[in-house]
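Read through the structure below, which is laid out as structure tokens, and then see the notes.
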Amino acid sequence: MTDVLESYLDRLQQATTLEHLQQSTEDLRDHYGITHVVYHWVSSVGEQYGAGTYSTDWVDRYLERGYVRVDPVVQGCLHRFHPVDWKQLDWSGRVARELLADALAHGVGNQGFSIPIRGPNGQFAVFTANHSCNDLEWSRFVQANMRDLIIVAHDFNRKALEFEGKRDLAPSTTLSPRETSALTLLAKGLSRAQAADQLEISEHTLRVYIEAARHKLGALNTTHAVARALNAGLIVL
Amino acid sequence: MLRYIYGVDLHKHPLLRDTMFRDRAIQFHERLGWDVTVDEKGEEHDQYDALNPLYVIWEQPDGRHGGSMRFLPTTGRTMVNEHFLHVTDGVRIESPLIWECTRFCLAPDAGREVSAALALGGAEIMANFAVEHFVGVFDARMVRIYRLLGMAPEVIGQVGEGSDVLAVGLWGWDDAFWPRTLNRLGIERETSLDWFRQSFSAIPPTKKRILEAA
């Protein structure tokens with residue numbers, strides 16, 4: 001399963017157009033077997049941008065009605081940095097109820113999990129996994145996939161920043177000397193304990209250095225990070 | 001009880017907010033002698049308070065601050081990445097799976113249970129939001145305090161000598177932490193989860209079922 005997700009992330013990394021981003025949301029939707037996957041960038045002046053599997057009817061209606069101003073998902077993620085289950089949001093107002101009914105009528109599922117992403121200079125986006133199922137099924141899905149979804153969300157945002165010509169604002173992909181050494185030792189087949197020993201740092205410290213490198217490389221896990229660093233020529237064996 | 005409050009929502013808890021910033025002045029300025037800014041109201045604020053951090057606060061029965069700490073995602077501006085790269089071997093600690101924890105503070109009259117409660121709050125954040133590590137900056141005295149509290153961080157690197165030591169450290173997930181801490185507080189996990197849900201739910205309690213009904 002993980003290997004498949006890695007290959008989808010590799011495909012996302014290669015994306016050069018919005019259509020590719022779109023394809024990635026479809027890949028992920030099918031991979032997870034859920035109703036929708038959506039990446040939604042909202043600028044401070046209300047401009048919107050993104051990719052996702054919602055029907056064009058729904059996207060058009062959302063834009064035409066200006067729902068972004070009242071969408072509990074957007075409002076509930078705006079001043080937050082933790083992932084948000086739609087059940088925690090306030091859908092009780094009249095406008096929010098109408099939006100929800102309209103969304104459901106357009107094929108949006110009743111369950112959602114949204115990850116707020118903050119880029120440089122107040123850039124803001126929301127990545128959402130959406131599905132139709134009961135609460136128990138949904139909480140199991142979220143528990144099992146939260147970590148990966150957070151990583152995927154940030155990979156989408158990195159691409160979006162790149163498309164917007166803000167590559168310099170996206171997280172850097174040059175590794176620091178420590179990160180390079182750590183990944184090189186792992187690539188050579190050393191265990192974490194051995195690598196930490198050789199670098200004269202604790203295993204805990206090594207894990208965090210590897211995590212920093214993983215994030216820069218947009219990889220799903222350590223093995224994936226090593227593979228990406230090798231492919232990009234950032235480490236040499 | 002434990003409350004989890006974003007900076008933008010602190011105004012909804014004025015007494016808790018004011019007593020927290022005052023207790024921070026007492027701890028960091030008066031007791032630890034850190035070079036921090038204390039305003040005319042006797043409150044300690046820094047530039048990171050303006051970035052809408054998430055505060056985890058122990059509220060005493062009278063509504064006042066008992067202890068607190070402050071979290072920021074390392075994908076944004078953090079103290080460790082802006083001021084302490086020389087302590088981390090030049091590694092910028094940045095990942096959505098790592099949050100920065102700073103300004104761990106106890107009220108002057110706080111009992112031992114308050115620090116346990118704060119540690120529990122940190123653990124709930126890890127458990128509920130898939131955060132794998134916290135990173136923080138502290139001085140030698142805080143290291144001793146953390147150790148006394150049974151929540152010693154793993155030190156990545158440090159600069160300075162003796163009482164001027166400044167260290168960057170990490171906290172990770174620890175299975176053994178849960179039973180020990182819940183026991184010390186004399187509460188069940190469910191109570192902790194209730195506090196957590198109460199803080200993170202935007203829904204007025206009476207209007208809960210709309211999403212399911214829809």
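The values are calculated or read from the model by the stated rules, or taken from the named source; none is laboratory data. None of these values were measured; they are calculated from a predicted model. Every residue, glycine among them, receives a Cβ derived from its backbone with ideal geometry; neighbour counts consider all protein chains shown. Surface areas here come from the heavy atoms of the whole protein model, side chains and all, with no ligands, DNA or RNA. Shrake-Rupley method; radii C 1.70, N 1.55, O 1.52, S 1.80 Å.
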Farthest toward positive dipole pole in the stretch B:1-118 [+1 Lys/Arg, -1 Asp/Glu at C-beta], among B:Thr75, B:Leu16, B:Pro61
B:Pro61
Return one number: the angle in degrees, 0 to 90 and rounded to the nearest 10, between the long axis of the Cα atoms of helix A:2-14 and the longest principal axis of the Cα atoms of chain A.
80
Cα→Cβ-extended label distance, 7 Å offset, between B:Lys41 and A:Lys188, nm
5.7
When the gyration tensor of the stretch B:56-148 is built from Cα positions, what are the square roots of 5 times its three eigenvalues, in whole Å, from largest to smallest?
25, 16, 11
Quick one: angle between helix A:135-163 and the longest Cα principal axis of chain A, in degrees between 0 and 90, rounded to 10, please.
70
Buried area at the A-B interface (accessible, heavy atoms, 1.4 Å probe, summed, Å²)
3500
Say the dipole of the protein assembly as shown comes from +1 at the beta carbon of Lys and Arg and -1 at that of Asp and Glu; which of B:His29, B:Val91, A:Ser114 then lies farthest toward its positive end?
A:Ser114
Could you work out how far apart the two model spin labels at B:Leu149 and B:Gln198 are, taking each label as a point 7 Å from the Cα in the direction of the beta carbon, and quote it in nm?
2.1
Output the 0 to 90 degree angle, nearest 10, between the alpha-carbon long axis of helix A:177-187 and the longest principal axis computed from the alpha carbons of chain A.
80
Measuring with a 1.4 Å probe in the full set of protein chains, what accessible area per residue, in whole Å², belongs to the stretch B:61-156?
32
Residues of the stretch B:82-112 with accessible area at least 50 Å² lower in the all-protein-chain context than alone (1.4 Å probe)?
B:Asp89, B:Val91, B:Glu94, B:Pro96, B:Leu97
By per-residue mean of other Cβ atoms within 10 Å, what is the highest-first order of A:208-215, B:164-171, A:193-200, A:181-188?
A:208-215, A:181-188, B:164-171, A:193-200
Taking the C-alpha atoms of chain A, convex hull volume expressed per residue in Å³:
135
Report the gain in length on full extension from B:Leu85 to B:Leu15: 0.36 nm times residue separation, minus Cα-Cα distance, nm rounded to one decimal.
21.6 nm
From the P(r) of chain B, can you give the percent of Cα pairs sitting at distances over 28 Å?
27
Test item: Cα-centred dipole of the protein assembly as shown, Lys/Arg +1 and Asp/Glu -1 on Cβ, debye
380
With the label point 7 Å along the Cα-to-beta-carbon line of A:Asn121 and a cut-off under 15 Å to each amide N, the hits in the stretch A:42-84 are A:42-47
Specify whether the C-alpha gyration tensor of the stretch A:172-231 places it in the rounded, prolate or oblate class, a ≥ b ≥ c being the square roots of the eigenvalues: rounded for a/c under 1.5, otherwise prolate if a/b is larger than b/c and oblate if not.
prolate
Cβ charges +1 (Lys, Arg) and -1 (Asp, Glu), total dipole of chain A, debye
500
Can you tell me the alpha carbon radius of gyration of the protein assembly as shown divided by the globular rule-of-thumb value 2.2 N^0.38 Å?
1.00
Report the gain in length on full extension from A:Gln75 to A:Glu19: 0.36 nm times residue separation, minus Cα-Cα distance, nm rounded to one decimal.
17.4 nm
Net charge near B:Val131: determine it from the other residues with C-beta under 12 Å of the C-beta of B:Val131, scoring Lys and Arg +1 and Asp and Glu -1.
-3
In whole percent, how big is the carbon plus sulfur part of the accessible area of the protein assembly as shown, probe 1.4 Å, protein atoms only?
50
Which percent, to the nearest 5, of DSSP beta bridges fully inside the stretch A:2-168 are antiparallel?
100
If I take the Cα coordinates of the stretch B:96-211 and project them onto the principal axes, what are the three extents in Å, biggest first?
58, 32, 27
